[in-house]
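Novice: Have a look at this one.
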Amino acid sequence: MSEAARETSCDWTVTGMDCGSCATKIKDAVARLPGVSGVEVGIMTERLRLTLDEAQTGRDKIEKTVRALGYQIAPRAAGEKKDSVLPGAHDGHGHDHAAHEGHDHAGHDHGPKAASAKRDDSGHGSPGHVHDDPADRGKRWYQTAKGKLVIFTALLLGAACVIEYLAPEIGKWAFVAACLIGVAPVAQRAFAALRMGQPFTIESLMTIAAIGALFINAAEEAALVVFLFAVGEVLEGVAAGKARDGIRALANLVPKTAQLVTGDTTREVPAASLAIGQTVLVRPGDRIPADGEIVDGTSGVDESPVTGESVPKTRGPGDAVFAGAINTEAALRVKVTKGAEDNTIARIIRLVEEAEEARAPTERFIDRFSRWYMPAIVAVAALVVVVPPLAFGQPWDTWVYRGLALLLIGCPCALVISVPASIASAMSTGARRGLLMKGGAVIEAAAKVDVVTFDKTGTLTHGRPQVTDLVPFGATTEAELLAVAAGVETGSSHPLAIAILNKAKEAGVSALPSQDAKALMGKGVVATVGGAAAFVSSPRYAMEHGGLDGLSLRHATIYEEDGKTAVAVFREKTPLGLIAMRDEPRADAKEAVRQLTAMGVTSIILTGDNPRTAAAIAGSLGLKFEADMMPEDKLAYIREIGTQGGVMMIGDGINDAPALKQASVGVAMGSGTDVALETADAAILRDRVTDIPATIRLSRAAMANIRQNVTIALGLKAVFLVTSVFGLTGLWIAILADTGATVLVTLNALRLLRFNPEREA
């Protein structure tokens, strides 16, 4: 078996990460194991993903390593996505037990036991840098493991104060005992990290500072620092939990059960078990349990949980509906069209979850910076300790104390969490409004966009043109023209094809039998109709292949000057006629262009339509255009202007996929094809053009928030580094500065959850 064949993609849920250093610690420890590659750790989504050669390292070794660092870990089974791809979405334990049947759970406590368990199979107790227990979700802070630790250390500190008051001669030793008891689990975790080649962790710095303070007779302050450290852990956990809640709430949009229709009866089944083709009953007030198509009933459907669109829309037979949308008026029967793992909500969650891997350049830089920053701080602290006493005869106690304060200041937790916290909040805000972005790299790129290029059909326009004119040539009748055109277009989902098929249906014309339909990219469609080739194409292509003469081309030109799209229908060297269609601009397209212009962003239409039709649309909207563009032309154009700055491409069709990929940011309209949605970097679920400036506005707000966070983190560090060196602040201020910075940047990031990207600044 080849080496590549032995490698397996593995996926775990890791609970308890509350800051950037947690993710770094896990990633570094796991990456050191033989046979491990491609390690990705998501803080907000609590996910560990890697590629593993199990011949060198088993999965149990990965789990043991993570637990040794003090975190809880459970595998994500392949089928778990059917319930949720976010931990804790459906139960309080962060993963689906049923999905893990047959897996040896020895060593990790689940369910209610997790709340009271104090030890795992690695022998590491839960105090110290205690990480979030999934069973603690929804509890008040003092009911959680972290909260109980704070209360315990507070009692130790209080007891020491009482003892010192009643018996001053042994008061010092009471504080020493309080410090040692409180710091013991922290030291245990520091030693575990040290064994894995990670000497510079917050636990190690905390342990050195606390023990060092005891050696210089600062037992009271050492005990206070241990207590403040525990308080900081609670605050960090609460802040990180709030940041995750917005993302985790997405998974709760889909109901847990559904009313499955079987013949004349209905029965309740798990929504995750629904299969494509089954029919479900959705009663008024219920959430729709799956993506599907209405087969019976007409009702108002509130899609705001999915798209953010607040006004319910009337939906009837044949209309598509989203999982998570709310039926507001009458009972509906819905045929399931997508499995639970592929419905709209699941796709949104996967985008959010996988987005953490697409890290922003700023985040990658900070990650690299933090790796040499901590060793540098330790080196500076060592110099502060030894240089003044040795070189200038200063007292050792004073400079050891200041060096220990520097160690506590040096932890980069706030700096490391500053970017992912902002990115997660921005993605959560966007997802609630139907604005999906695939990660920090996309957000950073969108914030720098200064040119937006639009596909026309289905993007700036509704993508639902209607036939306005039928012009048969020679002896061909309108019915014959429609029958051939409908035969060529049968089975196509292109907007122009649908317009022709709808017109044939309205006219009572049956499409001729056809086969071997083939798209002529950007030019038209050819199929075998009635035993011979037939074409529906652009007038230019028809002219080149004998499908139009000069007079007929003039007819097409007249329609195009009116802003209509004309297509030629012909057989080999035999023109059959022209069909003209019009696709009106979306109602909000002009407002979107105005907002983009006000933001300093240039808007351009890139369309395969003729210049006259493009000019009619562009003129009404007040933007530039490029017409007669093949997919390769769009690609080349975006590549060219991309050398001058950030370019965002908006499209909805398969032919837009190359341009979407080439652009700095490719955005797919929600009504577009799956190919466009998968290729694009972002998606607009509401089909509103004004969501394009909203996406840019949200991205710019996120980057401004990141800059604020970095300034807060580095600014506080700089101030307290200086004050610690000059003896103006001590150990307890140092730990407050470290914890305070982490909490401040997280709370600042949470402000993005209330940001409204639709409101102009």
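Novice: Mind checking which residues of the stretch 728-759 are closer than 30 Å to ILE692 by Cβ and open to solvent by less than 80 Å² (accessible area, probe 1.4 Å)?
Specialist: VAL745, THR746, ASN748, ALA749, LEU750, LEU752, LEU753, PHE755, ASN756, PRO757, GLU758 - these are the residues of the stretch 728-759 that are closer than 30 Å to ILE692 by Cβ and open to solvent by less than 80 Å² (accessible area, probe 1.4 Å).
Novice: Do you know which residues across the stretch 555-577 are under 16 Å from THR468 (Cβ atoms) and either touching a helix residue (DSSP H, G or I) at 6+ places or on another chain (Cβ under 6 Å) or of a type in the set (Phe, Trp, Tyr) (or both)?
Specialist: Initially, the stretch 555-577 is screened for residues under 16 Å from THR468 (Cβ atoms), giving 555-569, 577.
Correct list: ALA556, TYR559, GLU560, GLU561, GLY563, THR565, ALA566, ALA568, VAL569, GLY577.
Novice: Right, here's the next one. Of the residues GLY608, GLY619, GLY550, which is assigned by the TED database to the domain that holds VAL525 and among the small types (Gly, Ala, Ser)? Before you say what the answer is, go through the steps one by one.
Specialist: Values: GLY608 fails: assigned by the TED database to the domain that holds VAL525; GLY619 fails: assigned by the TED database to the domain that holds VAL525.
Checking each option against the conditions leaves just GLY550.
Novice: For the stretch 175-197, give me each residue that is touching an Asp or Glu at 6+ places or on another chain (Cβ under 6 Å) and either open to solvent by 70 Å² or more (accessible area, probe 1.4 Å) or hydrophobic (A, V, I, L, M, F, W, C) (or both). Walk me through how you get there before you give the answer.
Specialist: Let us first name the residues in the stretch 175-197 that are touching an Asp or Glu at 6+ places or on another chain (Cβ under 6 Å), namely 175, 186, 189-190.
Matches in the stretch 175-197: PHE175, VAL186, ALA190.
Novice: Any residue in the stretch 552-566 that is under 16 Å from ALA627 (Cβ atoms) sitting within a Cβ distance under 9 Å of a residue that is modelled with pLDDT of 85 or more and aromatic (Phe, Trp, Tyr)? List the pairs, counting only those 6 or more apart or interchain.
Specialist: Going by the 9 Å Cβ cut-off, the qualifying pairs are THR565/TYR559; ALA566/TYR559.
Novice: Have a look at LEU470, LEU481, LEU501 and point out the one that is without any contact (Cβ under 8 Å) to a residue 24 or more places away in the chain, outside any loop (DSSP other than H, G, I, E, B), buried (at least 18 other Cβ atoms within 10 Å of the Cβ) and not assigned by the TED database to the domain that holds LEU596. Walk me through how you get there before you give the answer.
Specialist: Numbers: LEU470 fails: without any contact (Cβ under 8 Å) to a residue 24 or more places away in the chain; LEU481 fails: without any contact (Cβ under 8 Å) to a residue 24 or more places away in the chain.
Matching residue, one of LEU470, LEU481, LEU501: LEU501.
Novice: Under the condition of being at pLDDT below 90 and not in a helix (DSSP H, G or I), which residue from the stretch 267-285 is farthest from the chain's Cα centre (by Cα)?
Specialist: Looking at residues that are at pLDDT below 90 and not in a helix (DSSP H, G or I), I get PRO284.
Novice: Among the residues of the stretch 456-467, is there at least one that is in contact with a Pro (Cβ under 9 Å, 6 or more places away or on another chain), closer than 28 Å to SER603 by Cβ, open to solvent by 10 Å² or more (accessible area, probe 1.4 Å) and hydroxyl-bearing (Ser, Thr, Tyr)?
Specialist: For the stretch 456-467, residues in contact with a Pro (Cβ under 9 Å, 6 or more places away or on another chain), closer than 28 Å to SER603 by Cβ, open to solvent by 10 Å² or more (accessible area, probe 1.4 Å) and hydroxyl-bearing (Ser, Thr, Tyr): present.
Matching residues to (1) open to solvent by less than 20 Å² (accessible area, probe 1.4 Å); (2) of a type in the set (Phe, Trp, Tyr); (3) within 26 Å of ILE650 (Cβ to Cβ):
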position	(1), (2), (3)
ALA542	yes, no, no
LEU551	no, no, no
GLY563	yes, no, yes
VAL569	yes, no, no
LYS573	no, no, no
GLU584	no, no, yes
ASP588	no, no, yes
THR597	no, no, yes
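Novice: Name the residue that is modelled with the lowest pLDDT, counting only residues in the stretch 520-547 that are outside any loop (DSSP other than H, G, I, E, B) and either small (Gly, Ala, Ser) or not assigned by the TED database to the domain that holds GLU480 (or both). Explain how you work it out, then say what you get.
Specialist: First pass over the stretch 520-547, keeping only residues outside any loop (DSSP other than H, G, I, E, B): 520, 524-529, 532-537, 539-544.
Among the residues that remain, those that are also either small (Gly, Ala, Ser) or not assigned by the TED database to the domain that holds GLU480 (or both) are: 524, 527, 532-534, 537, 542.
Values: GLY524: 87, ALA527: 93, ALA532: 91, ALA533: 93, ALA534: 95, SER537: 92, ALA542: 92.
Top of the filtered list is GLY524.
Novice: Run down GLY608, GLY619 and say which single residue is of a type in the set (Gly, Ala, Ser), within 28 Å of PRO658 (Cβ to Cβ), open to solvent by 30 Å² or more (accessible area, probe 1.4 Å) and out of contact with any helix residue (DSSP H, G or I) (no Cβ under 9 Å at 6 or more places or on another chain). Before you say what the answer is, go through the steps one by one.
Specialist: Working: GLY608 fails: out of contact with any helix residue (DSSP H, G or I) (no Cβ under 9 Å at 6 or more places or on another chain).
One residue alone meets the criteria, GLY619.
Novice: Given the structure, is ALA517 in a loop (DSSP other than H, G, I, E, B) and either outside the structural domain of ILE617 (by the TED database) or at pLDDT 90 or above (or both)?
Specialist: Numbers: in a loop (DSSP other than H, G, I, E, B): no; either outside the structural domain of ILE617 (by the TED database) or at pLDDT 90 or above (or both): yes.
So ALA517 does not fit the description; no.
Novice: Right, another one. Read through the list (1) open to solvent by 70 Å² or more (accessible area, probe 1.4 Å); (2) in a helix (DSSP H, G or I), then give the number of the only condition that ALA486 fails.
Specialist: Of the numbered conditions (1) open to solvent by 70 Å² or more (accessible area, probe 1.4 Å); (2) in a helix (DSSP H, G or I), the odd one out for ALA486 is (1).
Novice: Then there's this: Just wondering, is there one or more residues in the stretch 676-698 that are at pLDDT 90 or above, of a type in the set (Gly, Ala, Ser), open to solvent by 10 Å² or more (accessible area, probe 1.4 Å) and within 22 Å of ASN756 (Cα to Cα)? Please lay out each step first, then the result.
Specialist: As a first pass, look at the stretch 676-698 and keep what is at pLDDT 90 or above: 689-698.
Filter once more, keeping what is of a type in the set (Gly, Ala, Ser): 694.
Filter once more, so that each one left must be open to solvent by 10 Å² or more (accessible area, probe 1.4 Å): none.
No - not one qualifying residue is present in the stretch 676-698.
Novice: Right, something else. Kindly list the number of the only condition in (1) touching a Ser or Thr at 6+ places or on another chain (Cβ under 7 Å); (2) under 19 Å from ARG347 (Cβ atoms); (3) open to solvent by 10 Å² or more (accessible area, probe 1.4 Å) that fails for GLU444.
Specialist: (2)
Novice: Moving on to the next point. Taking the stretch 636-658 only, how many residues are at pLDDT 80 or above and open to solvent by less than 40 Å² (accessible area, probe 1.4 Å)?
Specialist: Narrowing the stretch 636-658 to residues at pLDDT 80 or above: 636-651.
Applying the additional criterion that residues be open to solvent by less than 40 Å² (accessible area, probe 1.4 Å) yields 638, 641-642, 645-651.
Residues meeting the conditions: 10.
The values are calculated or read from the model by the stated rules, or taken from the named source; none is laboratory data. Predicted model, so just to flag it, every value in this text is computed and none were measured. A quick note on method: Cβ atoms are made from the backbone with ideal geometry, for glycine too, and the neighbour counts reach across all protein chains shown. The protein model used for the area step is the full one, side chains on, heavy atoms only, and it has no ligands, DNA or RNA in it. Shrake-Rupley method; radii C 1.70, N 1.55, O 1.52, S 1.80 Å.
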